[in-house]
Every structure is written in C-alpha cells, then in structure tokens.
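Structure record follows, encoded as structure tokens.
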Amino acid sequence: MSPGPASKMRILVSASSFADAAAAMHIAQRMTEGIARSLGGLLVDDDDTRAACAIPNRRIVSASGALLITPSPSQMHTLMNADANAFQQLLKKTADLAAVDWSFERQMGDLIDTATRVATGWDALIFGYRSSHSFAGKVIMFDPLTPDDGQLLGLSHMLASHLRADLIAFGVGPLAVQARGEEHPTKVLFDTVEDAIAALDRTNAQVVLIDLFRGPVRDAEQLKRVLAASRCPVVVLGASSLVATVEHKMHVPPPRDAGDAPSS
Amino acid sequence: MANTEKRDASLPGGLSAAKLRLEIQPELLGFETTADLKPVAGLVGQDRAIEAIRLSASIGDKDFNLFVAGREGMGRHTAVSTLLEQEATRRPTPADWVYVNNFDTPHKPNAIKLPAGQAPVLRKGMEDLVDDLANDIPALFDSDEYQTQRRAIEQEAGERQERPIAAFAEQVKEENVALLKTPMGFMLAAVVDGKPIKPDDYAELEPAERQAIDEKIERLQTQLAAILKEGPQLEKEHRQKVEKLHADMAERVVSVRVQALADDYTGNPEVTSYLAAVRRDIISNAELFLENVDDDNNGPFPTAIHKYHREPRFYQYGVNVMVSQAHAKRAAAPVIFEDKPSLNQLTGRIEHLSQMGTLVTNFTLIKPGALHRANGGYLVLDARRLLAEPYAWDALKRCLQSQSIAIISLADRLSLGSTISLEPDPIPCDVRVVLIGDRRLHMLLVMLDPEFGTLFKLFADFEDDLPRTAKNTRQLAEVVAAYAARENLCVMTAAAVAALLDHAVRLADDTRKLTLQLGVLGDIMREADHYARQAGRTVMQADDINHAVERADYRAGRIKNRMQEAVVRKTVLIDTAGHAVGQVNGLSVIGIGTHRFGRPSRITARVRLGAGKLVDIEREVELGGPIHSKGVLILSGYLSSIYALDVPMSLHASLVFEQSYGGVEGDSASAAELFALLSALSGIPIRQGLAVTGSVNQRGEIQAIGGVNEKIEGFFDICKARRLTGDQGVLIPVSNVDNLMLRQDVVEAARAGKFRVIPIRSIDEGIEILTGKPAGKRRRNTVFPTGTVNALVEDRLRAFAQKRRQFAEAPPDKTAQGGAS
C-alpha cells in the first residue's frame, strides 16, 4: 500500500552514474519540498556496463556526440568512485536544504533489480537518466489501473507545477480509471502497455511517473522498457511490489514436493 | 663717543604739526552719522578693473577669460560676484545635460543636451517607463497566449530531438544491440540471450562473427554520435525561437510605452534616438523584467507600486543628470565659485563601487564638476589654489581650448588605473573663467605659460588706493556706511568715519591717497563696533576706531617692544643725545606679518689712507642686499665726483650697521651712511638726537623712501622712552612729506616742540643740520670755504692723496703714517 498524500515520503534515488543521478536529484529536489521525510541514494555499479567496457575496440559516445575510448577497469573504478562521491555530496546538499535525513548506498549488479530490491521500505524510487538536451519536456504519468487515493496524480501535478510543464496521463486498456478529487490532466489512451511505451519513446518527457503496485506497468521487464523509452528520470511508486511478487512465488522453506507448490 | 649738551638752538624747527598728520575733517564729510547716508553698492576707484570684468562678462569671444589681480582685502571677490551676477541676468539660461547609457558601447556613455529644466523630466520619464514595464512584461509573459506559444516551441524542439533518438533506439533494438550508460556517456553492446554480450563470450565467437558485431557496433556508434551532435544546433535554433517569441511579445508593450515617452521629445533627435535604442534593448532583454514574477505581492509595498527603477539591474535605463536648471532660483546664467578647484571638483569624476572585491563603475556614477555647473555662465576660481592642485590647471586649459569638458581621472592621466573606467562623451563647454589672484602670480603665468596669454586675454588690475579728493572721500564714506549696514554694525558718527578714513590714508602711505584695502578697514570697523557695544553704545565714535587701531598695533607689537627694550637698556647701542664723529642713527622698517614698525640702527664709518676703496661690511659678509650695495657704491661715486677732483682718491673707508645680525636691504640708509662718512672725513661730530632716512644719488640729492611714518615713529618711541629733549627728530626726504600720517602722540610732541621732523633736499642741507656747521659751496677758485664741512672733507682727502704719493716715493724702509678716524 502506498502512503497517502498527507504522509511524508521516503524517497530513494537510484542511478548507475552521477550524470543519471543528477537528473534524478533534480526531480527529487522538487519532491523533498514539503512531502519528503528522508532521502536515499543508491549508486549501482552495472555489471553489463563493466563487461561491455572490457570488449576491445569499443567506443563511448559522449552526450555531445564525441567518440571516446572506453575506460580500462581501473579507470572505470576511479570514475565510479568519483561519481559516488559527487552523488553523495549532491544528496547531502539537497537533504540539508530540505532538512530531511539522508543515506547513501553503493551496490554492484543490475540497476533495476538492485534498486527494486533495495527500495523495499521506501515510498518512492526515482531512476535517474541523464538529459541529452535542454528542451523542457512533459510530465508523463501512467494512469493506475486500480483506484488509488490520488497519490500518483497529486505527485504528478506537483511536479508539473514545479517544472512548469504540461502533465499528460497515459491510460492503458478499457478499464483505465480516472483519479478522484484532482483536476484530471490531458489523457491519452492506449490499448496495451507496449503501445504506451512506444508512444513514450517518441515523447519529449521531463519525468515519468508510474505505480508498480497499481499498474499498468507491473514487472521489471516493463519497467526496464519504460526507463529506456522515457530517456528521463522515472518516479516509481510501489516498487516493493516487484519484490513481493518474487517472494510469493517461493516457499520458505521449500516444499518437499515441488509439484504441489501453490502459486500466488 | 657721544657727548651730551644743552638744547641746541641752531636746530631747525622742522615741519609743523599740521603737516605731520593731514586729518580728514568730519564736518567736511557732510553728514552727522552714517544713518544719514544712502548705502551704495559697488566699488570706488576701481573703474579700470570694473571695465575689464564687464568686458569679460559680456564679450562673446571664447578666449576673453579674465585674471583679476590685486591685494587681499581689496573687494575683488565681491566685485567679481556683483558684476557677474548682474551680467548673468542678461544671458540665457543654459541647457541641461544628462549622461545616458550607450547600449552599443557601454564604456562610452552618451551626453544629451536638453532644454533648461528638462533633465529631471526625462529622468522621471525613464523611471516611470521601467516601473511600468516591470509590471507589464511579467503580466504579458504570464498570459495564456505566451504560454501556448512557448509550449509549442518547446514541443517542436523536443520532438525534433526525440524523433531521431527514438528511431535509433528502435533500430538498436531491431539489430539486437543494447544501449548502455556509462559515467562518460552512452555505449553500445551486442545482445546475446537478451543480455549484453560478455567479454568471454565475445572472445569465443568466430572471427567472422566478431567482425560482423564490430562493424555493426561501429556503424551504430557513428550513427549515435551524429544524432547527438545535432543537439547543440537544435538548441541554438530553439533558443533563437524563444528569443524571437520574447521579442515579439515584449515589443507590443514596450513600443507603446516608449512611444508615449518619445512623443514628448519629438523635437529632440538625440532623445528620440536614445529612446529608440532603449526600446531595442528592452525588447532584446525582456527577461530582465521577468525576475520579479515571484515577488511577494502582499506586503506593504505590493508589486504594482514597487520602485523597480531603483534596482541595480535596471541601471542601464537610468538618466544621470549632470546639470539641470530645474531648480535655479532665477532665469539667468550660472555664476559658480569653486573653493576647492581640484581636478575632480573641476571636471567632474567617475566614482566606483566595490563589488566582490573589485571596483566597478557605470555611467550613473559620473559626477559633475564645477565646469559642468558653470557651463553657459561664469566660473570663478582662486588662481593660487587652482595652481596648487595637481593637473587642475592643465585640465582647465584643455577644456577651454577644446571647448568641451572631458572627464579623465588623475589615475587615467597617469596611467595608474587598474580597474574598469569610462570614457564619457565630452560635453560642449561655453564657460567664462575668472581667476582671482595677485599680480605676481599673473606675471609668472605670463612669463612661464605661453598658453595663459592666449586663454586669458583680459586682466583686471585692482587699484591699491584712490586719490584723496573730496568726491572720493565722500564715496568711500558711503562704501563704509554700506558695509556697516550690511554687517549690522553700529551707526558711525562722522568723526568715526573720518578716523577710519585717516587710517585709510595711513594704510595708503600717502596723505593724498586713500587705501582700498576694504577688508582691513572692515576689520577695524568690526572691532570698533565690538568696543562700542561693550560700552553700551549704539553709535560708533571716533574713539572706538582709534582704540581699535591702537589695540591692533598693541597686539602685533611684541617684537617691536622687545627691540625697543633692548635699545632702552643699552643692549643695542643707540644714542639719542650728544654728538659723535662718524656715527649716525639710520632708520629701517621691519615687517612682522601684516604689521610694520621702524627701528633705529647705528651706522658708523671709519676712514684711512687707502687706494680709493669703500668697504661695505654688510656686503662683505653677505648680509647686504643688492640694492643696499648699490646705495653704498653711489656714495663712492658721490665722493669721487665732489671732492678732490684733481688727485687720486686715496681713501679706504668702511661702513657698517652696528649690531645688525640680519640682512640689510634697500637704499633708504644711503644718505645716513654718507653723513657718517662725511663726519668721519671731516672729523665734525654728528648730533645723535637726530636720525636720518633717505636715499641719495650721485649728485647728493635726497630721494624718497618707503615706510617713513613707521621710521619716524620708531625713533620717536626710543626718544620718548629715554626722555624727549626737544633736540630730537628725524631728517626725511622732502619728497616724503606727502607720505606723513604720523601717530597722534608724535604729532602732539612736535606741536609741543619736543620732537621734530625735518625735511631735507640735499646732502649739504642734511650735513649742516646734523653737524651744525655750514656745508660750504665750492667757490670760483674751486675751493670750499675754509672751516666748512666740505672743505674739511676735501682737505682730508687731499692729505690722503699727498701721503699716498709720499709713500710711493719714499724708500721702502720709510713708511708714511696715514690718519685714521
């Protein structure tokens, strides 16, 4: 269950580099103004990225379009340490300004898997994604499939207001519900989540908001595609539901007869 | 050695008391008190100077600036002020000048000329414009119209950026490649089993497969780089569109407001041009006016009445009023007196503010100088102060030559400036400069500065005194009455005015003149007024004036009294009775500040056989000035041309001012020195009760000297302190009789026969009085009468010559004895 709008939120910012984290912190900063209780930072040292850097003759394309030589493992280590340090400093500064608690963690692994696992107990998870241009985009929210207390819509409105951006709601399926008690934004309806993600891919967005608990994006794979398509920070409510889904598929201790295991 | 004797009946009586002090008679002034007089404005006896001032004030030529010369206290400042103020009313009120921002070249602010009194109006207009726009522009940019257009631009730019990236992402996905993010940027990796390929898996691939992957990755990398390189160009286009939108939106409101202001200045192309530049700048910097959109509108001074023009960010739209006639008390050209004519005070200055430890400036920090304030009128400066200020005189000349006021700081002139500065437009200068100084300064400027004569063609030379005619006396009395009225002094009786004018005569050093040192006379009047009021009177009497003069002398007389005391106590040896050979009392004047007094000096002469040399001991020890030395040499000329013309001058004489320990200058003692010399040669003693002053020429004529009153009074004071015997007095040149305006006590002593002032025309006349023996005139047989002074002198000189010849003819072992006395 997500906290109500009156509650103070615990916000976790997750990124695989400082460039991504900075974009997410820009959003987190707006959210800490009045509705945050504590702020967390998680820098995930991505396995795939490290592995890719080890392949010979690869290049990195910088944000300005320059082709750069891939860093060596030791250089990569140094870069990540520097990013972690910068991330931590920015986190501390933002938390101090908002007078909230803060914590910082660094882990190895896949960004989404690690972040959703760590996000247990956090109210909101923000995935960072570096900005490749300066044009002010829209605020996109995925309309929950099941009724909520208006938290996602309220948060979306607040961010749209702070960022002076248009708010657009992506509704998926015939059962897309309208939020209650809030002025409803411009709404675009899609038949499937894939259609919505495809549309998101073509949209200039500043931030995307989803509620994993109430859909329509529900699993890690969809979340990964949303993050790739948005090319901007993604605010995720109900991130802990991903972990819960995994746990309910398991028996602790394991059943003697695996064939009799009940499914959730 | 002096010998005392009884009263000498052979001594001439001297001048009558009436001639010693030619007083102004109160009854001839024609009024009882100054209340009867109509106070007159203006000056007496300064027609020459007034003509020069009037000419300078009214002539159009730019180089007819004026130098006013005269002594302190002659009323130069008052005269210049009065005359210039009169002339200023006939000249048009000058224009206003402002500095405004130069939007193209900010470090060169523009100067704009405005009709008189219009500068504050333009400044207020610009302040209102800023205030209005600071309210209008945010409202405009908050409108739906602007927001819609802005969103459209943002959306278009966003889509243009997203479209190729989205297409690339799709292509990457289709080609089974993953887009990874690293701290340095994006990276592409082939996907195997839904995951980016691992290095080990890649190594195990066939070379052909690896090559295919590498080629694909390289192609996609190049493609991504090309897409991302488009970003800056897209952003530039986006920025230009936003700027154009802002400009288009701002132009609507800005044009209306600026045009409303420009309508008031349609006849002034400079202002119109400036306002057009303001319009362009505001339109292109409209965001400057958007910074206040989040301001609290609920305070005691809500946004609508906020004075935005006071905020530093709007300084470039300000108007710096350099000079304005808006608050002038009358329609006339300005007359400015600058008491501190430094470079900055004269030409203006550029001030700086400290920001973050650095000095910065802008056109609003340009401050006007005296030349700006006096532009179109008159600027009056004290010449000495002006020349004492570094670079001020040079800057003034440059301004007058170029007829423009350029503000260049001292640091810039010396290339010492280490911070940003401005080069404001020079403001055209049409000012008449009046320098007030003294004659010496004027002469130095003429001699040493070739540009001075070109720029200051007129010279107003204030007279020191005016002729003592009945008309002038009456006019000066009216000036005195006007001064008393202006200074709220007591009413003066005619006797008081006469006493004051007597003092004016004394100050003029000439009974036929009246001084024009009105400042000194004013000081006496104020002091006398104080004594009158202290005595509870409302009318100033002659006694008050005389008391003021006497007390002023007393206050300044400490040194004089010390010197008199030294004489009375015989520390300084001066005989005032008896006779002595080769010794005479000379007189000199000592000046201490503005106070002068006379003192006697003993002059002695000694003679002996020699080779015709007259030794001036003062000159030998370099205590004698050149004029004094000249006087002594004239004595030599006199002796050699009068006596023993047929024999060589075989005299060795020495002359000295006894107990003189300072410098001796002037030739007023040359007659006394000659008398001492004649006494020494003739052996006839000189009366020590007499003192002598006067210079002498080679023909033996006595010539006029200065300070005759002080000299007589100085000797009188010594005699009086020792007791007046009736045989005492002073011999003065007859040409100095007109200068006599002696103190009342001297006059009274003369009237009582206790002291005498004897005028002499020649050396012969003087030596007869001093020795009581006839001088003797050369007869037809070329000899002087026997027993006369001249005969004795000549005999002595001949004897010297004879002995000298004998000495020359005698064998070396037989030396002649020469007499010395």
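The values are calculated or read from the model by the stated rules, or taken from the named source; none is laboratory data. Note that the structure is predicted; figures quoted are calculated from it, not measured. As a convention, Cβ positions derive from the backbone with ideal geometry for all residues, glycine included, and neighbour counts pool all protein chains shown.
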- Task: Output the residue which, of all residues in the range A:137-162 that are in contact with a Lys or Arg (Cβ under 7 Å, 6 or more places away or on another chain) and closer than 30 Å to A:SER64 by Cβ, is modelled with the lowest pLDDT.
- Result: A:HIS162
- Item | Per-region count, the range A:185-236, residues out of contact with any Gly (no Cβ under 9 Å at 6 or more places or on another chain) and assigned to a helix (DSSP H, G or I) | 18
- Task: At least 2 residues that are of a type outside the set (Phe, Trp, Tyr) and surrounded by fewer than 17 Cβ atoms within 10 Å (Cβ to Cβ) in each: list the strands (runs of 3 or more DSSP E) lying fully within the range B:339-383 that qualify.
- Result: B:353-355, B:358-360
- Out of the residues in the range B:186-199 that are at the interface with chain A (Cβ under 9 Å from one of its Cβ atoms) and farther than 13 Å from A:ASN57 by Cβ, state the one that is surrounded by the most Cβ atoms within 10 Å (Cβ to Cβ). B:PRO196
- Test A:SER64 against the criterion of being in a loop (DSSP other than H, G, I, E, B), on the phi < 0 side of the Ramachandran plot and either crowded, with 23+ Cβ neighbours inside 10 Å or among the hydroxyl-bearing types (Ser, Thr, Tyr) (or both), and give yes or no. yes
- Query: Taking the range B:658-692, which residues are over 20 Å from B:ALA566 (Cβ atoms) and either free of Cβ contacts under 8 Å to residues at least 24 places away in the same chain or part of a loop (DSSP other than H, G, I, E, B) (or both)?
  - Reply: B:GLU665, B:GLY666, B:ASP667, B:SER668, B:GLY683, B:ILE684, B:PRO685
- Message: Looking at B:ALA250 and the list (1) within 13 Å of another protein chain (Cβ to nearest Cβ); (2) under 60 Å from the mean Cα position of the chain (by Cα), which single condition is not satisfied?
- Response: (1)
- Query: Looking at the range A:90-100, which of its residues are out of contact with any Lys or Arg (no Cβ under 7 Å at 6 or more places or on another chain) and either of a type outside the set (S, T, N, Q) or under 26 Å from A:ASP48 (Cα atoms) (or both)?
  - Reply: A:LEU90, A:LEU91, A:LYS92, A:LYS93, A:ALA95, A:ASP96, A:LEU97, A:ALA98, A:ALA99
- Message: Looking at (1) part of a loop (DSSP other than H, G, I, E, B); (2) more than 29 Å from B:GLY376 (Cα to Cα); (3) not acidic (Asp, Glu), which one does B:ALA35 not meet, given that it meets all the others?
- Response: (1)
- Meets criteria (under 19 Å from A:PRO56 (Cα atoms), more than 8 Å from chain A (Cβ to nearest Cβ), touching a helix residue (DSSP H, G or I) at 6+ places or on another chain (Cβ under 7 Å) and of a type in the set (Lys, Arg)) for B:ARG219: no
- Taking into account only those residues within the range B:537-552 that are outside any helix (DSSP H, G or I) and aliphatic (A, V, I, L, M), which is farthest from B:GLU527 (Cα to Cα)? B:VAL539
- Query: Would you call B:ALA499 of a type outside the set (D, E, K, R), touching a helix residue (DSSP H, G or I) at 6+ places or on another chain (Cβ under 8 Å), modelled with pLDDT of 90 or more and over 17 Å from B:ARG533 (Cβ atoms)?
  - Reply: yes
- Task: For the range B:401-424, name all the residues that are among the aliphatic types (A, V, I, L, M), under 14 Å from B:HIS372 (Cα atoms) and not in a loop (DSSP other than H, G, I, E, B).
- Result: B:ILE405
- Message: Condition first: surrounded by fewer than 23 Cβ atoms within 10 Å (Cβ to Cβ), in a strand (DSSP E or B) and not polar (S, T, N, Q). Can you find one or more residues in the range B:630-638 that meet it?
- Response: no
- Taking the options A:ALA66, A:ALA95, A:ALA51, A:ALA136, name whichever one is within 14 Å of another protein chain (Cβ to nearest Cβ) and farther than 29 Å from B:ILE213 by Cα. A:ALA136
- Message: Tally up the residues in the range B:701-753 that are of a type in the set (A, V, I, L, M) and surrounded by fewer than 21 Cβ atoms within 10 Å (Cβ to Cβ), please.
- Response: 6
- Output the residues belonging to the range B:216-240 that are among the acidic types (Asp, Glu) and under 19 Å from A:PHE135 (Cβ atoms). B:GLU230, B:GLU235, B:GLU237
- Filtering the range B:141-184 down to residues that are more than 10 Å from chain A (Cβ to nearest Cβ), in a helix (DSSP H, G or I) and surrounded by fewer than 20 Cβ atoms within 10 Å (Cβ to Cβ) yields B:ASP144, B:GLU145, B:TYR146, B:THR148, B:GLN149, B:ALA152, B:PRO164, B:PHE168, B:GLN171, B:GLU174
- Query: Does B:GLU237 count as touching a residue at least 40 places away in the same chain (Cβ under 8 Å) and more than 9 Å from every other protein chain (Cβ to nearest Cβ)?
  - Reply: yes
- Note on the structure: If you go through B:ASP412, B:ASP438, the only one that is acidic (Asp, Glu), over 30 Å from B:LEU740 (Cβ atoms) and surrounded by fewer than 20 Cβ atoms within 10 Å (Cβ to Cβ) is B:ASP412
- Item | Residue list for the range B:107-140, restricted to those being part of a loop (DSSP other than H, G, I, E, B) and either of a type in the set (A, V, I, L, M, F, W, C) or surrounded by 17 or more Cβ atoms within 10 Å (Cβ to Cβ) (or both) | B:PRO109, B:ALA116, B:GLN118
- Conditions: (1) closer than 25 Å to A:SER64 by Cα; (2) more than 7 Å from every other protein chain (Cβ to nearest Cβ); (3) surrounded by fewer than 18 Cβ atoms within 10 Å (Cβ to Cβ); (4) free of Cβ contacts under 8 Å to residues at least 24 places away in the same chain. B:LYS229 meets all but one. Number of the miss? (2)
- Query: In the range A:11-48, what count of residues is obtained for those that are within 7 Å of another protein chain (Cβ to nearest Cβ) and either in a loop (DSSP other than H, G, I, E, B) or not acidic (Asp, Glu) (or both)?
  - Reply: 4
- Query: What are the residue pairs meeting all of these: first residue in the range A:226-237, first residue within 13 Å of another protein chain (Cβ to nearest Cβ) and touching a residue at least 24 places away in the same chain (Cβ under 8 Å), second residue in a helix (DSSP H, G or I) and acidic (Asp, Glu), Cβ atoms under 6 Å, and 6 or more apart or on different chains?
  - Reply: A:ALA229/A:ASP201
- Query: Which ones in the range B:205-215 are in a helix (DSSP H, G or I) and either among the small types (Gly, Ala, Ser) or within 12 Å of chain A (Cβ to nearest Cβ) (or both)?
  - Reply: B:ALA208, B:ARG210, B:GLN211, B:ALA212, B:ILE213, B:ASP214, B:GLU215
